[in-house]
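Written below as structure tokens is the structure these notes are about.
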Amino acid sequence: MTPASPDTPAPTAPAADAAPREVAPGVVVRGPAPPPLQHFGLVAFDMDSTLISIECIDEIADAAGRKAEVAAITEAAMRGEIADYAESLARRLALLRGVPAEALEAVYTQRLALNPGVEAFVAACREAGLRTLLVSGGFTFFADRVKARLRLDFARANVLEVEGGRLSGRLVPRPWGTVVDGAEKRRVLLELAELLGLPAERCIAVGDGANDLPMMSAAGCSIAFHAKPAVRERARVSVQQGGLDQALLAFGIT
């Protein structure tokens, strides 16, 4: 893919009433076109349903025969119908209590797949000089493996507590807190950007659900990938069909 010229103004957040325009089938841009990819220095990705094709917590719940119940809470949380992400996660985790820890490996090996276009998009970002961050309300068991698989630079996710070889239904407290929610995603993005010497306007945030909106609104460019309506409407770039690599068209890369 061929990058466009980097001589483009810095991005600004799209106005709430910015008219969407389709720059390619299923690729919508709101407000001014984002500058070339080389303008940016950091890209942050959500994991579940963004980098990968599943919601890991729903698939773990399948091992307990509770997938439908857990998936309904997940869907409501991603649509923004449950305002407190930590509370929605606690409700779902409680339903996983007693699931054998080996179920996690089965989910990873048998059900988890990268979404189409993810590898190409990450490669383009790396080639343009961006550092890469995975920041997920999911779990380190999967996030660490996806990070290694895609050769991402950084990852932050929740740690599932295991007692006696089974999930306890709780998370392990960490030095920074316990739950990666929307506020933590935003904080990690901005903290890492500062450590890298980058202003927020030189960050890209990619997600699909309501808990991604805080980091997407903080970044200079936001990308919604097969996202919930409320997320699509607030993103600079929205990919509504095709793979994540389709987002490159918004940056002038063909």
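Every number here is computed from the coordinates shown, using simple stated rules; none is lab data. Values in this document were obtained by computation on a predicted structure and should not be read as measured data. All Cβ positions, even for glycine, are placed from backbone atoms using ideal geometry, and neighbour counts span all protein chains on display.
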The chain: antiparallel bridges as % of DSSP beta bridges, rounded to 5, reads 40
Just grab the label-to-label distance for ALA123 and GLN38, each label 7 Å out from Cα along the Cβ direction, in nm (one decimal).
2.0
If I take every Cα pair under 8 Å that is 6 or more residues apart in region 56-110, average their sequence separation and divide by the length, what percent do I get for the relative contact order?
43
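Can you pull out the trypsin sites (Lys or Arg not before Pro) in region 124-211 whose DSSP state is coil and whose Cβ has at most 14 other Cβ atoms within 10 Å?
Answer by residue number: ARG151.
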Helix 85-94: angle to the longest alpha-carbon principal axis of the chain, degrees 0 to 90, nearest 10?
30
Would you calculate the separation in nanometres between label points at GLN240 and VAL172, each defined as 7 Å from the Cα along the Cα-to-beta-carbon direction?
4.3
Working out 0.36 nm times the residue gap between SER53 and SER217, then minus their Cα-Cα distance, what length gain in nm do you get to one decimal?
56.7 nm
Quick calc, the chain, dipole around Cα centre from Cβ unit charges on Lys, Arg (+) and Asp, Glu (-), nearest 20 debye, gives 140
Measure nothing fancy, just the Cα-based angle from helix 140-150's long axis to the longest principal axis of the chain, in degrees from 0 to 90, nearest 10.
40
Hey, what do the phi angles of region 99-109 turn into as Karplus ³J(HN,Hα) couplings, whole Hz, using 6.51/-1.76/1.60 and θ = phi - 60°, x for Gly and Pro?
5, x, 4, 5, 5, 5, 5, 5, 4, 5, 7
Counting only C-alpha contacts under 8 Å and six or more residues apart, can you give the relative contact order of region 48-163 as a whole percent?
25
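Counting alpha carbon pairs within less than 8 Å and at least 6 residues apart, what relative contact order, in whole percent, applies to the chain?
Relative contact order, the chain: 29 percent.
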Which cross-chain or sequence-distant (5 or more) residues have an amide H under 5 Å from the amide H of ALA155, H modelled 1.01 Å from N in plane?
LEU134
Can you give the FRET efficiency for GLU161 and ALA24, using 1/(1 + (r/R0)^6), R0 = 41 Å, r = Cβ-Cβ distance, to the nearest 0.05?
0.40
Quick one: angle between helix 67-78 and the longest Cα principal axis of the chain, in degrees between 0 and 90, rounded to 10, please.
30
How many angstrom lie between the C-alpha centres of region 182-254 and region 56-92?
23
Those trypsin sites (Lys or Arg not before Pro) from region 73-108 that are DSSP loop and have at most 14 other Cβ neighbours within 10 Å turn out to be ARG79, ARG97
